[in-house]
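Worksheet: one structure, shown below.
The values are calculated or read from the model by the stated rules, or taken from the named source; none is laboratory data. In this text, all values refer to a predicted model and were calculated from it rather than measured experimentally. Note: ideal-geometry Cβ built from the backbone for every residue, glycine included; neighbour counts use all protein chains shown.
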Amino acid sequence: MIRRHLSDEAATRTLAEALAAHQPRGAVVHLHGDLGAGKSTLARAWLRALGVTGTVRSPTYTLVERYPLDDGEALHLDLYRIGDAGELDFLGLDDIEAALWLVEWPERGAAALPGPDLEIRLAIDGAGRSVELVPGGRAGSGWLAALAGDSRLSALPEPKP
Ligand SMILES: Nc1ncnc2c1ncn2[C@@H]1O[C@H](COP(=O)(O)OP(=O)(O)OP(=O)(O)O)[C@@H](O)[C@H]1O
Ligand SMILES: [Mg+2]
């Protein structure tokens, strides 16, 4: 697990850029954290880092927003308002070969979602945020190892205990 303190939104952007630089193909990312913890801020910065230039809308009501990338498609989901898991099946996401999944409130999508390569846990910490990166499976472990050697990540402080 990797832990960092994100003192402001610029720090969140730095993390997003480092994550995007090393993401494995088809990466599934679960974004955990209370309301206002900074999940959408990280997702938006991540999509920007991948070259998305248009509007990045919050998928609060649509459940999913899709973004074409050079090498596929990124999916940004927010399941906060999902009624039941059947709504996810209805979106037909299983048929999409996504290059990246960014999922806010994944606990509400339960079994209908692919398992995570990376779990990101965000929390309010003073005026900033704390973040924990927890790998799921081999792809996630390799990803975090690459990230640990990235100078952008070294520039971010570890949280105070
Ligand atoms: N690292 C940071 N330091 C300080 N403020 C931040 C940081 N990251 C995000 N914020 C601020 O936190 C607020 C909430 O962020 P955001 O909308 O990303 O939260 P969220 O986790 O997606 O919430 P929700 O569950 O409601 O969708 C925003 O005003 C944003 O500017
Ligand atoms: Mg959000």
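From the residues in segment 18-28 that are aliphatic (A, V, I, L, M) and under 18 Å from residue 153 (Cα atoms), which one is farthest from ligand 2 (Cβ to nearest atom)? Show your work before the answer.
Here is the first cut: in segment 18-28, the residues aliphatic (A, V, I, L, M) are 18-21, 27-28.
Next, only the ones that are under 18 Å from residue 153 (Cα atoms) stay: 18-21.
Working: 18: 21, 19: 17, 20: 18, 21: 23 Å.
In this case the residue turns out to be 21.
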Would you mind finding the one in 85, 10, 16, 37 that is more than 9 Å from ligand 1 (Cβ to nearest atom) and either closer than 18 Å to residue 120 by Cβ or of a type in the set (S, T, N, Q) (or both)?
16
Could you tell me whether segment 118-132 includes any residue that is part of a helix (DSSP H, G or I) and either on the phi > 0 side of the Ramachandran plot or surrounded by 17 or more Cβ atoms within 10 Å (Cβ to Cβ) (or both)?
no
Being surrounded by fewer than 19 Cβ atoms within 10 Å (Cβ to Cβ) and hydrophobic (A, V, I, L, M, F, W, C) is the filter here, so list the residues in segment 19-41 that pass it.
20, 21, 35
Cβ-Cβ below 9 Å, separation at least six or inter-chain, first residue in segment 79-108 and farther than 24 Å from residue 69 by Cβ and of a type in the set (A, V, I, L, M), second at pLDDT below 85 and within 16 Å of ligand 2 (Cβ to nearest atom): which pairs?
82/109; 85/109
Say we look at segment 5-14 and pick out the residues that are away from ligand 2 (no atom under 16 Å from the Cβ) and not charged (D, E, K, R); which of these is surrounded by the most Cβ atoms within 10 Å (Cβ to Cβ)?
14
Could you run through segment 31-62 and say how many residues are at pLDDT below 95, among the hydroxyl-bearing types (Ser, Thr, Tyr) and within 11 Å of ligand 2 (Cβ to nearest atom)?
2
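From the set of residues in segment 42-55 that are away from ligand 1 (no atom under 11 Å from the Cβ) and within 16 Å of the chain's Cα centre (by Cα), which is surrounded by the fewest Cβ atoms within 10 Å (Cβ to Cβ)?
Filtering segment 42-55 for residues away from ligand 1 (no atom under 11 Å from the Cβ) gives 46-55.
When the remaining residues are screened for being within 16 Å of the chain's Cα centre (by Cα), the result is 46-52.
Working: 46: 26, 47: 22, 48: 15, 49: 18, 50: 19, 51: 12, 52: 16.
Looking at the filtered set, the residue picked out is 51.
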Lone unmet requirement of (1) farther than 20 Å from residue 33 by Cβ; (2) among the charged types (D, E, K, R); (3) part of a loop (DSSP other than H, G, I, E, B) for residue 158:
(1)
The condition from (1) crowded, with 17+ Cβ neighbours inside 10 Å; (2) within 15 Å of ligand 1 (Cβ to nearest atom); (3) β-branched (Val, Ile, Thr) that residue 60 misses is numbered (1)
